Structures are given as structure tokens and as C-alpha cells.
Amino acid sequence: MSEGTLYDKVWDQHKVTQLPTGQDQLFVGLHLVHEVTSPQAFGMLKERDQEVAFPERTHATVDHIVPTGNRDRPYRDEAAENMMAELEANVRGSGIEFSDPDSGNQGIVHVIGPEQGLTQPGMTIVCGDSHTSTHGAFGALAFGIGTSQIRDVLATGCVAMEKQKVRKIEVTGELGDGVTAKDIILTIIGKLGTDGGVGYVYEYAGEAIEKLGMEGRMSICNMSIEGGARAGYVNPDETTYEWLKETDAFEDSEAQSASGSRTESGDDPEKFERLKPYWESIATDDDAEYDDVVTIDGSAIEPTVTWGTTPGQTAGITEPIPDPDDLSEEDRDTARRAQKHMRVEPGDTMEGYDIDVAFLGSCTNARLKDLREAAAFVEGREVADDVRAMVVPGSQRVRDAAEAEGLDEIFKTAGFDWREPGCSMCLGMNDDQLEGDEASASSSNRNFVGRQGSKDGRTVLMSPIMVAAAAVTGKVTDVREMEEVATV
Ligand SMILES: CC(C)[C@H](C(=O)O)[C@@H](O)C(=O)O
Ligand code: SF4
């Protein structure tokens, strides 16, 4: 086995050959598919009379267009119904497993892969979606691909790619109260910029990262692409293995192992123990060399929010919004435009910024832990008058687990709308949209102009507990100033 970074090792192990273009051809371990980016690729396959090469390595879900309210078919929105019907037609009879809304497993593609144990360390994972970087939290090499690459993967199980450089981002120290993984990644992108990672994959390391659970690591890897890096990962460790043990892929392993038998379904009882040495072997070696190393003091990170219209325009909650004149020439104009759109002034802080909508959802922050933390804050409090607050769980499994704990009741009692899983107001491809110039406190990952469905809408990105605090006060709020902040 080759030495070096996880990236080098996983790349080398999946490399089939070098192509005449100079790119490498990589074998793909898992191909995730959703309704928005797959139809054209399936169409190209059909035109050539080709079949899906590895249906057992392919998994589909519906997330972007799916309504989060009434899901009776046909969907009220004709475009949504058509996309759903097309996905169904494409996967039906192909052998591709489909986590559809009747399966109990439907959800945002980057939530369902990990929770079903499809996402594993040392794998190559692709999806026609930029936030595929999320799966790197497990020590997988995971990246978003475009339509022609989706076609290639469907037809051959391989993808052509150029190798990237590796930047280690070391987050040292311990996080303060009320500071979460989301604040770490917003801080990283704020420091390195939205283009800072172009040409790199990010390896997140250091004490603050190691101490995070898998949910936090996923939130961080999820936003790698917002920092310009095609992929991001965390080396697998005991936290990773503990999570995996609980998933469908391995949950019976130990029990089966004890009885020493194979199940009727053909599951291998020793699968977990058999795979673990491989997972351990692909972690970055101590003496590995990086193309770049950046160190960030985790103990200095505050609850962090965006003040502008890119995920790189961020400030700690007590930090002043920058004066565009003080920024580099490159950033000046975008900052000016962003401040005009957001109606913020240099020198002010974001604390106290009025919001109309609180959105707790998306593949960045709609997992059980996110909902638990927000619910713990919301319990006994009420959503402010005039604030439209909604929780959109990341998947049906997250929804069910949250309901089993009574989190839905806590949210509903406080005045939140409790909805069905999907991308929802993260990008407003369904009915969940900002109206007019509404401002939202959002746990999602993009604050581009128009992102949440209205061209004048204003999005402030923040952590789930900060969304909960904003929902309650009707303003961007320093969660540390409120009593009883519980992180679970
Ligand atoms: C629809 C899809 C192509 C897109 C992406 O690639 O990220 C979406 O998920 C997003 O977050 O903007
Ligand atoms: S939740 Fe948002 S970021 Fe994630 S896949 Fe859906 S639209 Fe993209």
C-alpha cells in the first residue's frame, strides 16, 4: 500500500489507468443519484442502448423538488411530479435501490447515504451534486460530478478526474460554549475565501475536529465546496467506527458474529471486523506531506454568521462587518453589492439583524443531533411574533427518530412548523420559499442572491442553535447571551 495522505491512498487504490487526456480513470464505489441532475444522464444511456453497469453500487433518492407538506400523488406542482415520475421510470427495473417516500428511508441524498451505512471509509463516492463532499466526513473520497460524468459512471462505474493538491486544515484547541461545527466551517471559508480551495481537497484535522461527532464532521465536509474545494475529509477514527456499527450495513454484525452464523440474506457477520483494518490503513500517515497546511485556533471561534451573499462573507457575532475599502480589490465590489443587498453597514455587527423566517434544515444541518440541540434550546420558549419558523428533517429516519424523542412536539409547541424531509428552503425548488425581501436565519450552506426562492430575499447562514435563538428573538442573536444553552 502506498504511503501518504488518505487522499493519495484512496485515489491510488481506485485508479484504473491514466487516460490520454492526463486525467486518471477512477473506479467508483458508490454512486448516489437524485432527481435533478440524473434525468439527462439516464437519457444519454438510453440513446446508446446501454444499461447501468453497477446498479448494486448505485442508490437513488428524491430530495430537491419533493414537497415537504402534502405528498399525495400526483404532486400539486406539475414540474415536481414530472421529475419524480422520470426518476421512478429510470430506476424501476434497473436494480437501483430507491429510497422513495414510501420506503421510510427517503431524505436528502447526503443524509441518507451515511445513515444507511452506504457511505464508508476508503470509498470513492460520487453524486451529481456539489455537496457530495459531505461523505468525506467518513474518510471517503467524495465529490460532486457533472452530467456527462454521471453518464460515464452509470455506464461504466468509472469517472475521469484530475488529481488535486491536499491542504491540511488543522483546527486546534477546544470550542467555546455555543460554538459548533458550523461555526468552524464558516470561519474557515471566511478566512480562506470561497475560491481558496480551488485545486485542493481539504483534510480537516486537529483536536477540535477529532472531538466532533460524525454530524459535526459532516457539516464541515459538506461546505468544503463553498470554500472552493471539490472534496474534504476527516481521517476515520473510533468515532467513525462507532457510528458505522449502528448503521444497516453493520448493525447485526456483532450479534451474528457471536452466533458465528451467516444470515439468510447472506450478510457477512464478520464484515465490520474484516473491514476495520482496511479503514485504519487508509488514514493519513503521521509523516505524510501536504501541499499546504493552515492552522486555525478553534478556541477563538465565536458563533459565526454571514453578513453578505457568499458563504465566505462571514463574521463572528461580536465582530464588525468589514468596510469594503479595507478588503482586497478583488473582494471590494462583491462586498459592496452584498452589503447593499443585505442592507447592512460596515462597522455594525450582525447581532440584532431582524429576521422574518427561521429555517432549520438542509444537508448541512438537519440531522438528529442538530435537531436535538435546537430543540433543547427551544423547549419552554416561543417563536417570536411575525417569524415563520420551520424544521425540515434531513430524512424520514431523522424525522422518525426525532418524533420518537418528542422533538417534533417541542418544536410545534414553540410555534415551529414541522415538515416532511427534503431540501426545502435550502434552495426553494418546492413551495418552501422566501417571499419578497424577507430575511432568513438559515442552517443551510448557501446565501447567494435568490437562493431561497425570492430574488430580494436575504439569507443569514448560521448554526442550528443560532437559528433556534433567532427564531425565538426575531433577530440574529448571540446564543451565548441566552440562558441554558445546551449542546448535546
Ligand atoms: C441541484 C444540485 C445540482 C445543486 C448542487 O449541486 O449543489 C443543489 O443541491 C445545491 O445545493 O445547489
Ligand atoms: S439540502 Fe441544499 S445543499 Fe443540500 S443537496 Fe439539497 S439543495 Fe443542495
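Just so you know, all these numbers are worked out from the coordinates, no wet-lab data involved. For clarity, every value in this text was computed on a predicted model and none was experimentally measured. Reconstructed Cβ throughout: ideal geometry from the backbone, glycine too, with neighbour counts over all protein chains shown.
Taking the centroid of alpha carbons for each part, region 64-135 and region 406-433 are 18 Å apart. Looking at the chain, the DSSP beta bridges with both ends there are about 25 percent antiparallel. In this calculation the C-beta distance from ASP49 to GLN433 is compared with R0 = 41 Å, giving a FRET efficiency of 0.55. When the C-alpha to C-alpha distance is required to be over 23 Å, the pairs from LYS191/LYS455; LYS15/LYS245; LYS9/LYS163; LYS211/LYS271; LYS369/LYS455; LYS9/LYS191 that qualify are LYS191/LYS455; LYS15/LYS245; LYS211/LYS271; LYS369/LYS455; LYS9/LYS191. The stretch between ASP102 and THR247, if pulled fully straight at 0.36 nm per residue, gains 50.2 nm over its current Cα-Cα span.
Each peptide in 328-335, 153-160 receives the mean, over its residues, of other Cβ atoms within 10 Å, and ordering these scores from highest gives 153-160, 328-335. Using the Cβ-Cβ distance between GLU409 and GLU273 with R0 = 30 Å, the FRET efficiency computed as 1/(1 + (r/R0)^6) comes to roughly 0.15. In this simple spin-label approximation, ASP400 and ARG332 carry label points 7 Å from Cα along the Cα→Cβ vector, and these lie 5.7 nm apart.
First check a/c for the chain, with a ≥ b ≥ c the square roots of the eigenvalues of its C-alpha gyration tensor; if it is under 1.5, answer rounded, and if not, answer prolate when a/b is larger than b/c or oblate otherwise. If you can, show how the numbers build up before the last one.
Values: a/c = 1.43, a/b = 1.28, b/c = 1.12.
Here the chain falls in the rounded category.
To the nearest ten degrees, helix 368-378 and the longest principal axis of the Cα atoms of the chain are 20 degrees apart.
In the chain, the calculated helix contribution to ellipticity at 222 nm averages -9000 deg cm²/dmol per residue, counting -39,500 (n - 2.57) for every DSSP H run with n ≥ 4.
Pull out the extension gain between LYS455 and GLU162, defined as 0.36 nm times the separation in residues minus the alpha carbon to alpha carbon distance; nm, one decimal. Intermediate values should be presented prior to the final figure.
Working: separation 293, 0.36 × 293 = 105.48 nm, distance 3.55 nm.
Stretched out fully, the LYS455 to GLU162 stretch lengthens by 101.9 nm.
Between ALA85 and GLU3, the modelled label-to-label distance comes to 6.0 nm, taking each label 7 Å out from Cα in the direction of the beta carbon. Sequence-distant contacts, meaning Cα pairs under 8 Å at least 6 residues apart, place the relative contact order of the chain at 16 percent.
Measuring nothing but how far apart in sequence close Cα pairs (under 8 Å, 6+ apart) lie, relative to its length, region 395-488 scores a relative contact order of 18 percent. Of PRO320, ILE188, GLY122, which is farthest on the positive side of the dipole of the chain, counting Cα position, with +1 on Lys and Arg Cβ, -1 on Asp and Glu Cβ, and the Cα centre as origin? Among PRO320, ILE188, GLY122, the one farthest towards the positive end of the dipole of the chain is GLY122. Cα centroid separation, region 377-405 to region 172-230: 25 Å. Modelled spin-label separation between ASP386 and SER148, with each label point placed 7 Å from Cα along the Cα-to-Cβ direction: 5.2 nm.
As an exercise, use a Förster radius of 45 Å and the Cβ-Cβ distance of ASP323 and LYS211 to find the FRET efficiency, rounded to the nearest 0.05. Before the final figure, lay out each step's value.
On the way: r = 35 Å, r/R0 = 0.79.
Step by step, r from the Cβ atoms, then E = 0.80.
Report the net charge of residues surrounding GLU215, where surrounding means a beta-carbon distance below 9 angstrom and charges are Lys +1, Arg +1, Asp -1, Glu -1.
Values: positive: ARG217, ARG367, LYS369; negative: ASP370.
Result for the neighbourhood of GLU215: +2.
In terms of its C-alpha gyration tensor, region 431-476 comes out prolate, because a/c is 1.5 or above and the ratio a/b outweighs b/c.
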